[in-house]
1. Please list B:Phe256, A:Phe153, A:Phe308 in order of solvent-accessible area, largest first, computed with a 1.4 Å probe with all protein chains present.
2. With 28 Å as the limit, write out which pairs from C:Lys54/C:Lys94; B:Lys187/C:Lys52; B:Lys281/C:Lys45; B:Lys187/C:Lys123; C:Lys54/C:Lys154; C:Lys54/C:Lys76 have Cα-Cα distances beyond it, or answer none.
3. Excluding residues fewer than 8 places away in the same chain, name every one of the aspartates and glutamates whose C-alpha is closer than 13 Å to that of C:Lys225.
4. If you average the alpha carbon positions of region B:227-257 and of region A:207-229, how far apart do those two centres end up, in angstrom?
5. Shape of chain B from its Cα gyration tensor (a ≥ b ≥ c, root eigenvalues): rounded if a/c is under 1.5, otherwise prolate when a/b > b/c, or oblate?
6. GNM, chain B, Cα, under 10 Å: largest mean-square fluctuation among B:Lys34, B:Lys91, B:Lys187?
7. Modelled label-to-label distance, A:Ile22 and B:Ile8, 7 Å Cα→beta-carbon offset: nm?
8. Using R₀ = 25 Å, calculate the FRET efficiency as 1/(1 + (r/R₀)^6) where r is the Cβ-Cβ separation of C:Glu111 and B:Glu179; round to 0.05.
Amino acid sequence: MKLSYKNTIIAFAVMLFLPLLIHDNSFLMHILIMSCLFSVLLVGWDLIMGYAGIFSFGQIAIFTIGAYSSAMLSKIVGLPPLISILVGSLIACGVGIIVALPSLRLAGIYVAMVTFLLHEALISMIRIGRVIGTGGATSITGIPPLSFLGYSFPSIERLPWYYVSLTLAFLSYFVFIRIINSSYGISFVALRDAEDLAKSVGVDDYRSKIIVFAMAALFAGLAGGFYAHYMRLVSVRILGLDNFILLLVMLIVGGLGKFPGVIVATFIFTILNEYMRPLEVFRPILLGVMVIVAIIYMPNGIGGIINFITTKFRRFKRIS
Amino acid sequence: MFNQLISIFANGITISSTYAIVAIGLSLVYGVSKTFNYAYGSFATVGAYITWLLFSMFDWMNYPVAIMVMIPFMFLFGIAIEWLIPRPLRKNENWEITTVVATLGLGVLLANLVLFLFGPYTKALPELGGGTVSIGHVQLDWNRIVILILAILIVVGLKLFLKKTYIGMSMRAVAQDIEGARVVGMKINHIFALTFGISTVLAGLCGMLLGTIYFLTPSGGWEIFIKAFVIVALGGAGSIDGALYAAFILGITESFVQFTLGPIWVMPFWFIFLMAVLIFKPRGLLGIR
Amino acid sequence: MLKVDNLDTFYGELQVIRNISLTVETGDLVVMLGPNGHGKSTLLKAICGLIKPKAGKVEFGGEDVHSFSIEKIVEKGLVYIPEDRRLFPQMTIKENLLLGAYNPIARKEREKNLEFVYQLFPKLKKMYARTVATLSGGEARMVAVGRGLMASAKFLAIDEPSLGLAPNLRTELFDKIHQINKAGITVLLVEQCVTEVLDYADRVYVIEDGRIVYNGNKEEVLNDKDVKKALLGIE
């Protein structure tokens with residue numbers, strides 16, 4: 001099934017004018033900015049896990065590498081933030097490729113584990129890296145704000161940040177839709193649905209998997225960079241398992257390989273998560289329950305429901 | 001210096017023996033049902049905290065009783081989890097992926113449940129045996145000697161169970177050819193549940209033994225799980241002997257890394273080691289499949 | 001003993017079995033012949049409950065096979081021996097045989113059945129401690145049949161036992177299967193165009209393209225020149 005740009009453009013238009021209603025609500029704006037940034041990470045995760053069938057748990061680690069790289073490059077080396085974000089995302093992409101090259105030839109559980117271990121080892125590496133300015137177990141603070149053509153974007157000003165993150169989000173959606181609709185995407189769907197057949201007609205999954213993994217890593221790195229300059233603080237808490245499970249809930253409830261679903265889930269759960277904060281330790285417990293229940297009882301997630309409704313609707317239109 | 005090396009080596013061996021138990025449990029479940037359980041480390045945490053609870057509730061508590069209580073508890077716990085999560089998922093097309101995601105959720109859930117019930121402060125289990133023994137100039141803790149003995153008993157007992165008993169044979173049969181087992185009329189689901197139960201017991205025992213050396217923390221299980229996985233990857237998924245050798249190779253190396261570079265390098269060491277194994281020996285040392 | 005009624009089976013979109021009906025009487029040795037890839041194995045699996053048919057019914061001893069789990073079907077004595085044997089490669093011959101007696105009824109009769117298997121295949125008794133992975137094709141085939149017998153089988157459904165065997169071993173194996181049949185076990189045998197097997201058969205079905213195209217007893221086949229020529233390639 002080819003994805004159309006139509007719905008994405010409609011959504012973009014709605015999002016473009018949304019601040020007219022809520023620009024005074026700083027909290028809500030913040031949540032929307034975070035949703036946009038997370039959605040970049042998650043759309044990439046969905047692409048590699050749901051479409052390319054790469055069983056990766058490393059997407060958050062790569063996001064973190066992007067965030068830390070850009071934070072350190074701008075704060076310590078003194079690169080302008082926009083440059084540091086770009087370089088940081090290239091570093092994140094490079095790490096992604098280094099991990100992908102040996103592991104993507106292996107069975108799924110190995111990929112899952114290598115990437116999970118990358119995530120865990122990164123926590124130690126950041127602590128070890130204290131001497132080179134990673135902030136160790138605490139955090140990097142005072143990251144310079146984003147500036148562009150002489151205009152600087154302090155985090156307090158939600159509106160410009162909203163448009164920056166929205167632009168990034170839609171840029172990434174269009175790239176991912178293009179990938180899914182390209183020959184890569186089609187060969188992935190073929191591999192996913194009929195692996196033997198696809199292999200017999202010569203679909204080279206290894207090469208395309210590496211390319212797509214790298215693309216997802218690049219965007220995760222970019223999102224990480226913008227996150228660092230928006231928050232102006234990065235800490236190893238991004239790598240906490242409660243955060244991991246939150247993003248996993250978004251991915252699973254959104255529906256693996258059911259494209260628009262993951263974006264809807266990102267927005268729902270970013271908001272829900274804020275309201276779950278008073279629950280403290282119950283929040284990760286609840287998120288754990290959600291992952292299990294979602295995967296057992298709604299394996300196609302929100303994306304499955306969206307697809308179901310749109311096909312019904314199309315059929316209905318055709319009949320009438 | 002030499003004595004120091006010997007004692008690092010000896011510590012490495014005791015740690016390795018606990019890693020062997022947990023890795024064998026992980027490998028056993030993977031070998032039999034191809035299920036990969038990401039909550040496995042949290043099972044070890046649960047086992048350790050159950051032991052702590054027993055000791056804090058009853059003054060007269062001792063390890064033989066604690067073990068006798070924990071084994072049936074962990075076994076039933078494992079069977080219940082198997083029934084709740086991997087079994088309904090196995091009907092799905094992508095059950096391998098979905099099981100991993102669901103058990104990861106379970107792992108986070110359990111770790112936070114432990115955090116909620118027992119609080120964030122570290123806890124310690126009493127030692128299995130007090131004092132030290134001197135062999136030459138090297139001093140060894142009784143605690144570690146008892147751990148090693150228990151670990152050997154557990155591994156030998158498990159191997160005998162798999163080799164000699166009919167039910168153990170059935171488990172091996174399912175691991176070797178599940179289609180053949182089905183044709184013979186084996187109750188595959190029972191064997192999956194049993195294997196899961198046994199592996200949960202092994203995780204619990206490992207958590208208990210490690211708890212006599214290190215402090216207990218609610219999230220400590222993840223490290224155990226990751227190490228168990230790397231051991232299984234090195235030893236070859238599904239191979240028990242492979243896991244045994246790999247546990248000792250990695251455990252002893254780890255204790256040298258810990259001594260020379262510091263404990264913070266332990267996790268990066270396991271990561272780099274796993275990458276190296278996967279590059280040079282993609283199917284593990286004694287890999288089956 | 002076994003009654004197949006209007007069975008239809010699909011493999012994805014492809015219909016493999018087209019409206020097949022057949023019966024096997026208690027104590028018979030029935031042979032199902034036909035070229036490769038024409039649905040014989042699928043039919044056998046559907047009979048033994050391993051594949052769910054789209055339509056139709058399989059009755060074993062008056063009961064609907066597909067209403068039971070595979071464990072239960074085996075326990076009732078309907079035992080399938082797959083073409084690719086599906087033995088447990090890292091275990092000994094004896095362990096493989098013992099695991100055949102998994103169901104509760106067979107477990108009680110384990111010693112008796114083992115005695116019967118060893119008597120039938122003395123070679124297996126001699127090398128009981130050998131690991132199955134090290135066996136030759138013929139030996140492994142014996143273990144597979146033996147493992148099936150260990151389940152206290154009343155009805156053995158054997159899928160192409162002669163596959164890959166030299167002609168002399170093939171005759172030997174058919175002879176053993178005949179002995180099994182004489183001991184009172186009903187046998188349904190699937191084979192490609194192997195003529196030796198006809199000497200032992202009580203009834204022959206020929207399957208082509210998922211349909212039964214011929215059905216008769218041994219004499220009828222041997223006397224029917226057209227059938228012999230067209231289906232078995234012998235004059």
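1. Working: B:Phe256 60, A:Phe153 25, A:Phe308 125 Å².
Ranking B:Phe256, A:Phe153, A:Phe308 by accessible area, largest first, yields A:Phe308, B:Phe256, A:Phe153.
2. Details: C:Lys54/C:Lys94 39 Å; B:Lys187/C:Lys52 19 Å; B:Lys281/C:Lys45 39 Å; B:Lys187/C:Lys123 30 Å; C:Lys54/C:Lys154 26 Å; C:Lys54/C:Lys76 23 Å.
Where the Cα-Cα span goes over 28 Å, the pairs concerned are C:Lys54/C:Lys94; B:Lys281/C:Lys45; B:Lys187/C:Lys123.
3. Result set, ordered by chain and number: C:Glu235.
4. 33
5. Details: a/c = 1.58, a/b = 1.32, b/c = 1.20.
Judged from the Cα gyration tensor, chain B comes out prolate (a/c at least 1.5, a/b above b/c).
6. B:Lys91
7. 5.6
8. On the way: r = 27 Å, r/R0 = 1.10.
Once rounded, the FRET efficiency stands at 0.35.
The values are calculated or read from the model by the stated rules, or taken from the named source; none is laboratory data. This structure is a prediction, so every number in the text was calculated from the model and none was measured. We place every Cβ from the backbone using ideal geometry, glycine too, and count neighbours over all the protein chains shown. Only protein heavy atoms, including side chains, enter the accessible area calculation; ligands, DNA and RNA are left aside. Shrake-Rupley method; radii C 1.70, N 1.55, O 1.52, S 1.80 Å.
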